[in-house]
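Notes follow the structure.
The values are calculated or read from the model by the stated rules, or taken from the named source; none is laboratory data. Since we're looking at a predicted model, the values are computed, not measured. Counting neighbours? That spans all protein chains shown, and the Cβs are built from the backbone with ideal geometry, glycine included.
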Amino acid sequence: MSTTVVFTVIAFAFTFAGNSTSSAAQTHQSTYRQKLAQPTEIQGYPCAKGYAFFYSDGKLQKCTVAREIPFGEITIPSGSWITLAEDGKPWGVQMPRDTQILGLNCQGGSFLGPSEGSVVDLYPSGKLKVCYLAHDQLVQGVPCGHGGFWASLNGPDPGVHLDPDGKLKQCRLSTDYQGHRRGQIFIASR
């Protein structure tokens, strides 16, 4: 039993890491971590007390934010774990709780903590790219299913993908829709 659980967790971790389509996936610099004794503003981000991670050139890679802030073109809550690309642009965020972002109820947190939950990905422009829904939701008229780790145990979970213009690109259907079956990946036609 424990071998199956370990294998499932490891397989999920490799699958999750391998599915990243954002610019941070191309990171080649080594990183290091530093413990912040108090909240510290770094490159304009209010990093909370605790660990922050930096690229080898000293630029911020990750930290937990001490207050609600704009991040790219979205607003994220205090306690969110931000990740920046090597060029300093917002890449992704893991939020401590479910949060409304541009009308989507994006999933936050997990039983392991806020930095272990679903990742909200951003385009290099700072626009929303991928969000895992906390609950089934109509997205631009399409019935999209909730996402994250538990949903992925029942099949593929691409999350809700938006194109750079904010239009729905794809999601896993929560109900039958336009000839597609519940649970299938719906890809919007352009």
Report summary line: Checking GLN94, GLN107 in turn, the sole residue that is in contact with a Phe, Trp or Tyr (Cβ under 7 Å, 6 or more places away or on another chain) and either among the hydrophobic types (A, V, I, L, M, F, W, C) or within 17 Å of TYR45 (Cα to Cα) (or both) turns out to be GLN94
Requested in this report: Scan GLY109, GLY79 and give me the residue that is of a type outside the set (Asp, Glu), under 22 Å from CYS171 (Cβ atoms) and either in contact with a strand residue (DSSP E or B) (Cβ under 9 Å, 6 or more places away or on another chain) or touching a residue at least 12 places away in the same chain (Cβ under 8 Å) (or both).
Outcome: GLY109
Query raised in the report: SER118 fails exactly one of the following numbered conditions: (1) of a type outside the set (Val, Ile, Thr); (2) surrounded by 21 or more Cβ atoms within 10 Å (Cβ to Cβ); (3) assigned to a strand (DSSP E or B). What is the number of that condition?
Result: (3)
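Looking at GLN140, is it modelled with pLDDT of 95 or more and surrounded by fewer than 15 Cβ atoms within 10 Å (Cβ to Cβ)?
So GLN140 passes the test.
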Report task. Select from segment 22-53 the residues that are in a strand (DSSP E or B), modelled with pLDDT of 95 or more and not charged (D, E, K, R) and list them in ascending order. Result -> TYR32, GLN34, LEU36, THR40, ILE42, TYR45, PRO46, CYS47, GLY50, TYR51, ALA52, PHE53
Query raised in the report: Does at least one position in segment 122-137 carry a residue that is at pLDDT below 95, within 26 Å of CYS63 (Cβ to Cβ), assigned to a loop (DSSP other than H, G, I, E, B) and among the aliphatic types (A, V, I, L, M)?
Result: yes
Query raised in the report: So, in segment 150-163, of the ones that are in a loop (DSSP other than H, G, I, E, B), surrounded by fewer than 15 Cβ atoms within 10 Å (Cβ to Cβ) and at pLDDT below 95, which residue ends up nearest to the chain's Cα centre (by Cα)?
Result: PRO156
Report summary line: Screening GLY147, GLY109, GLY113 for residues that are modelled with pLDDT under 90 and surrounded by 23 or more Cβ atoms within 10 Å (Cβ to Cβ) leaves only GLY147
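Conditions tested, residue by residue: (1) under 29 Å from ALA37 (Cβ atoms); (2) without any contact (Cβ under 8 Å) to a residue 12 or more places away in the chain.
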{"site": "GLY72", "(1), (2)": "yes, no"}
{"site": "LEU84", "(1), (2)": "yes, no"}
{"site": "GLN94", "(1), (2)": "yes, no"}
{"site": "THR99", "(1), (2)": "yes, no"}
{"site": "TYR123", "(1), (2)": "no, no"}
{"site": "LEU138", "(1), (2)": "no, yes"}
{"site": "CYS144", "(1), (2)": "no, no"}
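Restricting to segment 54-79, name every residue that is part of a loop (DSSP other than H, G, I, E, B) and either under 21 Å from the mean Cα position of the chain (by Cα) or surrounded by 14 or more Cβ atoms within 10 Å (Cβ to Cβ) (or both). It would help to see each step written out before you state the result.
Narrowing segment 54-79 to residues part of a loop (DSSP other than H, G, I, E, B): 56-59, 66-68, 72-73, 77-79.
Those that are part of a loop (DSSP other than H, G, I, E, B) and either under 21 Å from the mean Cα position of the chain (by Cα) or surrounded by 14 or more Cβ atoms within 10 Å (Cβ to Cβ) (or both): LYS59, ALA66, ARG67, GLU68, GLY72, GLU73, PRO77, SER78, GLY79.
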Requested in this report: Evaluate the following for GLY109: is it outside any strand (DSSP E or B), in contact with a Gly (Cβ under 8 Å, 6 or more places away or on another chain) and within 24 Å of ASP165 (Cβ to Cβ)?
Outcome: no
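Give me a count of the residues in segment 80-97 that are in a loop (DSSP other than H, G, I, E, B) and buried (at least 19 other Cβ atoms within 10 Å of the Cβ). Give the steps one after another, and end with the answer.
Initial filter on segment 80-97 (in a loop (DSSP other than H, G, I, E, B)): 80, 85-89, 95-97.
So of that shortlist, the ones also buried (at least 19 other Cβ atoms within 10 Å of the Cβ) come out as 80, 85, 95-96.
Count: 4.
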